[in-house]
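These notes concern the structure reproduced below.
The values are calculated or read from the model by the stated rules, or taken from the named source; none is laboratory data. Keep in mind it's a predicted model, so treat the numbers as computed, not measured. All Cβ positions, even for glycine, are placed from backbone atoms using ideal geometry, and neighbour counts span all protein chains on display. In case anyone asks, the SASA skips ligands and DNA or RNA and just uses the protein heavy atoms, side chains included. Shrake-Rupley method; radii C 1.70, N 1.55, O 1.52, S 1.80 Å.
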Amino acid sequence: MGKIILTGDRPTGRLHVGHYVGSLRRRVELQNSGQFEKVFIMIADAQALTDNIENPEKVRQNIVEVALDYLSCGLDPAKSTLFIQSQIPELCELTFYYMDLVTVSRLQRNPTVKSEIQMRNFEASIPVGFFTYPISQAADITAFKATTVPVGEDQLPMIEQTREIVRKFNSVYDEVLVEPEVLLPENQACMRLPGIDGKAKMSKSLGNCIYLSDTAEEVKKKVMGMYTDPTHIQVSDPGHIEGNTVFTYLDAFCKDEHFERYLPDYSNLDELKAHYQRGGLGDVKVKRFLNSVLDETLEPIRARRKEFEKDIPEVYRILKEGSEKAREVAAQTLSEVKDAMKINYFSDEELIRTQSEKYGK
Ligand code: ATP
Ligand code: MG
């Protein structure tokens, strides 16, 4: 069987450069690599509602924003199926059955859920739907028999949980589900890009993002205000690279060729880092360089977005068509799951026959 990708994003805001380096850039490469039989990209609106129940309008508005970000980054509906989670009711059914395969204490131990509960101040009032979203994520992945899930590092515990559910299901019932592999970014900085405030993760919910759709002026303002090394006060002071967000972003975005174009005094990032650590290199110069690198990366994305923004009904049409296609695939898996679980009463002639025999007919 060919390899299949499933991945996605929550429509809780426009997509940011953390998504780009953590997953989006890779997805486009994989989509175009020809190595995958199918690519499914999901807008996880039902998951977004689990912690935005007071805010349905936010989720609703951001569906088209996320879709525009996808298209402008190069996800191509002719090669990838772009769909909306809530439009596939089969995913809810799978989730419900998988719930029997997971314990409450296992969910409580999930480190991503733990830190997200903390981040959202949910401690005493966790919605059950939010608490169980790793199970629903397992349904999303397995419904498409995904072999490969390209995501950022925060998703590792989710994929592990999915793998456990698959193993349990296949051993209790029948070999129906496929155990997915996670595909993390190669570069450490891309696994979990920090926010512009230096916080551990750039996240829509934390408001510390550079969005793919930000204007060049907005990006420049954010870059110039970015968190660096608080001990680097005078230009002549030696500076630190670790925990210095500007350098982390350079690790994620910059290539040697950028130096030729924007900072020819250095030939690569190692030289720039060494100078900063020695002292004598000011933050403003490094930030200006980062801004040029980001601008070069984001400009073509912005330009493509402008084109797609001209025909919003077409974006919805793409999502509708993708959702219909995705639903067919999920329905097929659900039917296999129900067969394996023996809850296929009306299509099981053997069952009807043996029950009849029991009553002597
Ligand atoms: P929310 O705050 O609503 O959870 P988010 O910014 O965390 O939003 P998600 O939609 O949860 O975004 O994540 C979508 C994908 O992007 C996941 O694969 C996730 O690992 C990846 N991702 C999100 N933020 C980052 C980041 N800062 N660095 C690398 N990858 C990221
Ligand atoms: Mg998230």
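A residue that is assigned to a strand (DSSP E or B), buried (at least 24 other Cβ atoms within 10 Å of the Cβ) and hydrophobic (A, V, I, L, M, F, W, C) occurs somewhere in the range 67-82. In this structure, does V293 turn out to be in contact with a helix residue (DSSP H, G or I) (Cβ under 7 Å, 6 or more places away or on another chain), surrounded by 15 or more Cβ atoms within 10 Å (Cβ to Cβ) and in the same structural domain as T248 (by TED's automatic domain parsing)? Considered against the rule, which asks whether it is in contact with a helix residue (DSSP H, G or I) (Cβ under 7 Å, 6 or more places away or on another chain), surrounded by 15 or more Cβ atoms within 10 Å (Cβ to Cβ) and in the same structural domain as T248 (by TED's automatic domain parsing), V293 comes out as yes. Would you please name the residue that is least open to solvent (accessible area, probe 1.4 Å), looking only at residues in the range 127-148 that are touching an Asp or Glu at 6+ places or on another chain (Cβ under 9 Å) and part of a loop (DSSP other than H, G, I, E, B)? Of everything passing the filter in the range 127-148, A146 is least open to solvent (accessible area, probe 1.4 Å).
Given the criterion within 16 Å of ligand 2 (Cβ to nearest atom) and β-branched (V, I, T), identify the matching residue among I135, I159.
On the way: I135 fails: within 16 Å of ligand 2 (Cβ to nearest atom).
When all the criteria are applied, what remains is I159.
So which of T215, T245 ends up being under 23 Å from G13 (Cα atoms) and within 14 Å of ligand 1 (Cβ to nearest atom)? Even if it seems obvious, please write down each step before you answer.
On the way: T215 fails: within 14 Å of ligand 1 (Cβ to nearest atom).
Of the residues listed, the single one that is under 23 Å from G13 (Cα atoms) and within 14 Å of ligand 1 (Cβ to nearest atom) is T245.
For the range 242-265, a residue qualifies if it is assigned to a loop (DSSP other than H, G, I, E, B) and crowded, with 17+ Cβ neighbours inside 10 Å, and the qualifying residues are N244, C254, L263.
The residues of the range 1-18 include none that are away from ligand 2 (no atom under 11 Å from the Cβ), part of a strand (DSSP E or B) and without any contact (Cβ under 8 Å) to a residue 60 or more places away in the chain. Considering (1) part of a helix (DSSP H, G or I); (2) under 27 Å from R25 (Cβ atoms); (3) more than 14 Å from ligand 1 (Cβ to nearest atom); (4) not β-branched (V, I, T), the lone condition that K58 does not fulfil carries the number (3). So, of the residues in the range 162-213 that are of a type in the set (V, I, T) and more than 15 Å from the chain's Cα centre (by Cα), which turns out to be farthest from ligand 2 (Cβ to nearest atom)? Step by step, filter the range 162-213, then rank; the result is V172. Taking the numbered list (1) within 16 Å of ligand 1 (Cβ to nearest atom); (2) surrounded by 18 or more Cβ atoms within 10 Å (Cβ to Cβ) in turn, V166 passes all entries but (1).
Among the residues of the range 251-260, how many are touching a helix residue (DSSP H, G or I) at 6+ places or on another chain (Cβ under 7 Å) and closer than 12 Å to T297 by Cα?
Residues of the range 251-260 touching a helix residue (DSSP H, G or I) at 6+ places or on another chain (Cβ under 7 Å): 251-254, 258.
Filter again for closer than 12 Å to T297 by Cα, leaving 252-254, 258.
The total comes to 4.
What do you reckon, is A48 buried (at least 18 other Cβ atoms within 10 Å of the Cβ), free of Cβ contacts under 8 Å to residues at least 40 places away in the same chain and within 16 Å of ligand 2 (Cβ to nearest atom)? Please lay out each step first, then the result.
Values: buried (at least 18 other Cβ atoms within 10 Å of the Cβ): yes; free of Cβ contacts under 8 Å to residues at least 40 places away in the same chain: yes; within 16 Å of ligand 2 (Cβ to nearest atom): yes.
Yes; evaluated as a whole, the condition is true for this residue.
No other residue among V17, V21 is among the aliphatic types (A, V, I, L, M), at pLDDT below 95 and within 11 Å of ligand 1 (Cβ to nearest atom) apart from V21.
Every condition in (1) surrounded by fewer than 22 Cβ atoms within 10 Å (Cβ to Cβ); (2) more than 16 Å from ligand 2 (Cβ to nearest atom) holds for Q118 except the one numbered (2). Pairs, please: C-beta under 7 Å, at least 6 apart or cross-chain, first residue closer than 20 Å to D229 by Cα and in the range 198-215, second assigned to a strand (DSSP E or B) and within 12 Å of ligand 2 (Cβ to nearest atom)? The qualifying pairs are M202/H16; C209/H16; I210/H16. It is to be established whether one or more residues within the range 325-342 are loosely packed, with under 12 Cβ neighbours inside 10 Å and under 25 Å from the mean Cα position of the chain (by Cα). Yes, the range 325-342 has at least one match.
Here N32 clears all of (1) within 14 Å of ligand 1 (Cβ to nearest atom); (2) open to solvent by 20 Å² or more (accessible area, probe 1.4 Å); (3) over 22 Å from A143 (Cα atoms) except the condition numbered (1).
For the range 101-115, give me the residue count where each residue is within 16 Å of ligand 2 (Cβ to nearest atom) and more than 23 Å from G8 (Cα to Cα). First the steps, then the outcome.
Here is the first cut: in the range 101-115, the residues within 16 Å of ligand 2 (Cβ to nearest atom) are 110-115.
Narrowing the set further to residues that are more than 23 Å from G8 (Cα to Cα) leaves none.
Residues that pass the stated criteria total 0.
Reported count of residues in the range 94-127, each being under 28 Å from L177 (Cβ atoms), free of Cβ contacts under 8 Å to residues at least 40 places away in the same chain and within 16 Å of ligand 1 (Cβ to nearest atom), is 4.
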